[in-house]
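What follows is a short report on a single structure.
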Amino acid sequence: MLRIAIQKSGRLSDDSIKLFKECGIKFESGSSKLRSVSSNFPLEFLFLRDDDIPGYVEDGVADIGVIGLNVLEENKKKVDIVKELGFSKCRLSLAIPRNENYTGLNYFEGKNIATSYPNLTNQFLSANGVKSQTHEISGSVEIAPSIGLADAICDIVSTGGTLLSNGLKEVAEVFKSQAVMISNSSLNSEKKAILDKLLFRIDSVQKAQDRKSTRLN
Ligand code: ATP
Ligand code: ZN
């Protein structure tokens, strides 16, 4: 039996559940469920907050998991990335008040940046020779400039709508993300064999989707 951790509810959940169902794996995924064992594949699902997933996989509480690359790279847990899953695509971007004149990355010199991703933000800015401070907040980052908490933000963007409605504009991309499957780095041979089977099924699903989208284009 292999144990997988997926997000309980959020932007990774629906596509994660859909992927495993498309792989032919039957399991219950009702909103009140915290765990569920598949009836036709040796897989047990744990439904968790996404932030906890990399740590559980590192510790071996779960064998594998589905997580956004952004969360994984921010926290640097020791796990293996075994597959890019191609959904929950988004980017981490720097944004500033809409009426500001953007002059390039040097704009951020000496500025205070609110973000839930201080490590990724600092890495990006220092790699570009910019000295600035980050101020870590865990949510509603977009509101920080308008309440005087920060000069700018670094946050997850998919369409940019939330930025616009908070009077901000995106000016630089810091990190590109998508959902990935991670694995504990020391699975036993029985678990490895199940994981290989699962990865084979995911490959088949992805190939079928690729063929379908080429036909439609
Ligand atoms: P939880 O309650 O589990 O902690 P959360 O609020 O931290 O959830 P979500 O907003 O559900 O997280 O986002 C989960 C992941 O989905 C993000 O870490 C990111 O990888 C991806 N994501 C975030 N926003 C978007 C978006 N607008 N479009 C696509 N993917 C996104
Ligand atoms: Zn989270």
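The values are calculated or read from the model by the stated rules, or taken from the named source; none is laboratory data. Since we're looking at a predicted model, the values are computed, not measured. Heads up, the Cβs are rebuilt from the backbone with ideal geometry, glycines too, and the neighbour counts pull from every protein chain shown. Keep in mind that these areas ignore ligands, DNA and RNA; they rest on the heavy atoms of the full protein, side chains included. Shrake-Rupley method; radii C 1.70, N 1.55, O 1.52, S 1.80 Å.
Criterion first (within 16 Å of ligand 1 (Cβ to nearest atom) and touching a Phe, Trp or Tyr at 6+ places or on another chain (Cβ under 7 Å)) does L120 satisfy it? Break it down into steps so the answer makes sense when it comes.
Numbers: within 16 Å of ligand 1 (Cβ to nearest atom): yes; touching a Phe, Trp or Tyr at 6+ places or on another chain (Cβ under 7 Å): yes.
Judged against the criteria, L120 is a match.
Count, please, the residues in the range 86-106 that happen to be open to solvent by 40 Å² or more (accessible area, probe 1.4 Å), over 30 Å from A208 (Cα atoms) and not acidic (D, E).
So the answer is 7.
Strands (runs of 3 or more DSSP E) wholly in the range 147-194 with at least 1 residues that are surrounded by fewer than 17 Cβ atoms within 10 Å (Cβ to Cβ) - which ones?
Correct list: 168-177.
Hey, any hits in the range 65-77 for a residue that's assigned to a loop (DSSP other than H, G, I, E, B) and open to solvent by less than 70 Å² (accessible area, probe 1.4 Å)? Step through it out loud before you land on a result.
We begin by selecting, within the range 65-77, every residue assigned to a loop (DSSP other than H, G, I, E, B); these are 76-77.
Next, only the ones that are open to solvent by less than 70 Å² (accessible area, probe 1.4 Å) stay: none.
Scanning the range 65-77 turns up no residue that is assigned to a loop (DSSP other than H, G, I, E, B) and open to solvent by less than 70 Å² (accessible area, probe 1.4 Å).
Among all residue pairs at least 6 apart or on different chains, which show Cβ distances below 9 Å where the first residue, located in the range 28-50, is open to solvent by 30 Å² or more (accessible area, probe 1.4 Å) and among the basic types (K, R) and the second is within 16 Å of ligand 1 (Cβ to nearest atom) and part of a loop (DSSP other than H, G, I, E, B)?
K33/K8; R49/K8; R49/G10
Could you please let me know if F124 is surrounded by 15 or more Cβ atoms within 10 Å (Cβ to Cβ), assigned to a loop (DSSP other than H, G, I, E, B) and among the aromatic types (F, W, Y)?
Working: surrounded by 15 or more Cβ atoms within 10 Å (Cβ to Cβ): yes; assigned to a loop (DSSP other than H, G, I, E, B): no; among the aromatic types (F, W, Y): yes.
So F124 does not fit the description; no.
Working carefully through the options T214, T162, find the one that is without any contact (Cβ under 8 Å) to a residue 12 or more places away in the chain and of a type in the set (V, I, T). Before you say what the answer is, go through the steps one by one.
Working: T162 fails: without any contact (Cβ under 8 Å) to a residue 12 or more places away in the chain.
Sole residue among the options that is without any contact (Cβ under 8 Å) to a residue 12 or more places away in the chain and of a type in the set (V, I, T): T214.
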